[in-house]
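Scroll down for the structure; my scribbles are underneath it.
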Amino acid sequence: MIKILKTIAYWLAFLTYTLVFGIIGITLAFISPSSAIKYAVRPWGWLIIFTTGVKLDVMGLENIPKEPCIIMYNHQSVFDIFTFMAVLPIDWKAVMKKEVLDMPFIGWVSKVAGHYFVARDGSERDTKEVKKIAERIRSGPSVLIAPEGTRSKDGKLLPFQKGGFFIAMLAGVPIVPMVMMGGAKIYAKTSWVVNPGTMKVRILKPVYPGDLPRGREGREELMRIVREQMEEVIEKEGEF
């Protein structure tokens, strides 16, 4: 009963934070998207982490290059998003599925802030949009992509979608694998209860597409490298 009451309190706080920082974020995004990250998105993430009592264990921030890059992360829980909002010290945008646009405040702020949206239906229009995204990434800011495309129910890696790696090879910027662990236990995909726990974040050294073959061969090699590096960390430090 106590856990349920705490969870209700957490979600009431979440709704309050979302409303307040959503309004701040939308306002700032019209002026400066980077200011929206600094003064709305990052504090929003920190407050949610703090309020729920989740601890953070972060290593490898020094591996994020100064130039624009693509950070590819595994996706276990919605707490992955709160965590990278809180801990990443850089300006960034995210590649999201278009359904996010329908989410109140979150979708509105994301659109105004200039995040990227893809249909993932393989249409010609979607392919053109992907190419535009790749061009924009080169001039920054850095971009976050979840190559699994959706949350894992058990914390183990799902099959990777090819779209993120297609964007990565077109953009030609460094690819930084980021592994997040603990979210599946803190807030499981099949539950609404928030449990205490620790979010581990491991940011690995960048992979450079220029060192890989071109075309499909290079894309598949990049996919293999990122997956193997993530699996190694999850096998070593993950808890299932």
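The values are calculated or read from the model by the stated rules, or taken from the named source; none is laboratory data. Values in this document were obtained by computation on a predicted structure and should not be read as measured data. All Cβ positions, even for glycine, are placed from backbone atoms using ideal geometry, and neighbour counts span all protein chains on display.
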Condition (residue is in a loop (DSSP other than H, G, I, E, B), surrounded by fewer than 22 Cβ atoms within 10 Å (Cβ to Cβ) and in contact with a His (Cβ under 7 Å, 6 or more places away or on another chain)) applied to the stretch 156-163: is it met by at least one residue?
no
Just the residues that are among the hydrophobic types (A, V, I, L, M, F, W, C) and over 15 Å from the mean Cα position of the chain (by Cα), please, taken from the stretch 169-183.
169, 170, 171, 173
For the stretch 202-227, the count of residues that are under 12 Å from residue 178 (Cα atoms) and out of contact with any Leu (no Cβ under 7 Å at 6 or more places or on another chain) equals 5
Report, ordered by the first and then the second residue, all pairs with beta carbons closer than 7 Å, sequence separation of six or more or different chains, a first member in the stretch 185-204 that is on the phi < 0 side of the Ramachandran plot, and a second member that is of a type in the set (Lys, Arg) and assigned to a strand (DSSP E or B).
198/55
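On the given criteria, is residue 139 polar (S, T, N, Q) and in contact (Cβ under 8 Å) with a residue 12 or more places away in the chain?
Values: polar (S, T, N, Q): yes; in contact (Cβ under 8 Å) with a residue 12 or more places away in the chain: yes.
In short, yes.
For the stretch 186-226, which positions are assigned to a loop (DSSP other than H, G, I, E, B) and either touching an Asp or Glu at 6+ places or on another chain (Cβ under 8 Å) or among the aromatic types (Phe, Trp, Tyr) (or both)? Before the answer, list the steps.
To start, the set of residues in the stretch 186-226 that are assigned to a loop (DSSP other than H, G, I, E, B) comprises 187-197, 204-206, 208, 212-214.
Passing the criteria: 187, 192, 208, 212, 213.
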If a residue must be surrounded by fewer than 18 Cβ atoms within 10 Å (Cβ to Cβ) and either touching a helix residue (DSSP H, G or I) at 6+ places or on another chain (Cβ under 7 Å) or farther than 18 Å from residue 146 by Cα (or both), how many such residues does the stretch 213-237 contain?
9
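Residues are listed down the side, and each one gets a yes or a no for (1) at pLDDT 90 or above; (2) over 17 Å from residue 45 (Cα atoms):
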| site | (1), (2) |
| --- | --- |
| 94 | no, no |
| 105 | no, no |
| 111 | no, yes |
| 141 | yes, yes |
| 172 | yes, yes |
| 187 | no, no |
Counting only residues in the stretch 185-204 that are of a type outside the set (A, V, I, L, M, F, W, C) and surrounded by fewer than 13 Cβ atoms within 10 Å (Cβ to Cβ), the one nearest to residue 161 (Cα to Cα) is identified as 190
Need pairs with beta-carbon distance below 6 Å; first residue at pLDDT 90 or above and within the stretch 143-165, second in a loop (DSSP other than H, G, I, E, B) and among the hydrophobic types (A, V, I, L, M, F, W, C); sequence gap 6+ or separate chains.
147/160; 148/158
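Scan the stretch 41-55 and give yes if some residue there is more than 30 Å from residue 138 (Cα to Cα), touching a residue at least 24 places away in the same chain (Cβ under 8 Å), among the basic types (Lys, Arg) and in contact with a strand residue (DSSP E or B) (Cβ under 9 Å, 6 or more places away or on another chain), otherwise no. Don't jump to the end; show me each part of the working.
Filtering the stretch 41-55 for residues more than 30 Å from residue 138 (Cα to Cα) gives 47-55.
Now restrict to residues that are touching a residue at least 24 places away in the same chain (Cβ under 8 Å): 47-49, 51-55.
Next cut, among the basic types (Lys, Arg) only: 55.
Imposing the further condition that a residue be in contact with a strand residue (DSSP E or B) (Cβ under 9 Å, 6 or more places away or on another chain) reduces the set to 55.
For the stretch 41-55, residues more than 30 Å from residue 138 (Cα to Cα), touching a residue at least 24 places away in the same chain (Cβ under 8 Å), among the basic types (Lys, Arg) and in contact with a strand residue (DSSP E or B) (Cβ under 9 Å, 6 or more places away or on another chain): present.
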By residue number, the members of the stretch 20-69 that are assigned to a loop (DSSP other than H, G, I, E, B), out of contact with any Ser or Thr (no Cβ under 9 Å at 6 or more places or on another chain) and charged (D, E, K, R) are 66
Scan the stretch 13-34 residue by residue and report those that are among the hydroxyl-bearing types (Ser, Thr, Tyr) and either modelled with pLDDT of 90 or more or surrounded by 18 or more Cβ atoms within 10 Å (Cβ to Cβ) (or both).
16, 17, 18
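In the stretch 85-100, which residues are in a helix (DSSP H, G or I) and more than 16 Å from residue 150 (Cα to Cα)?
Keep residues of the stretch 85-100 that are in a helix (DSSP H, G or I), which gives 85-87, 98-100.
Matches in the stretch 85-100: 85, 86, 87.
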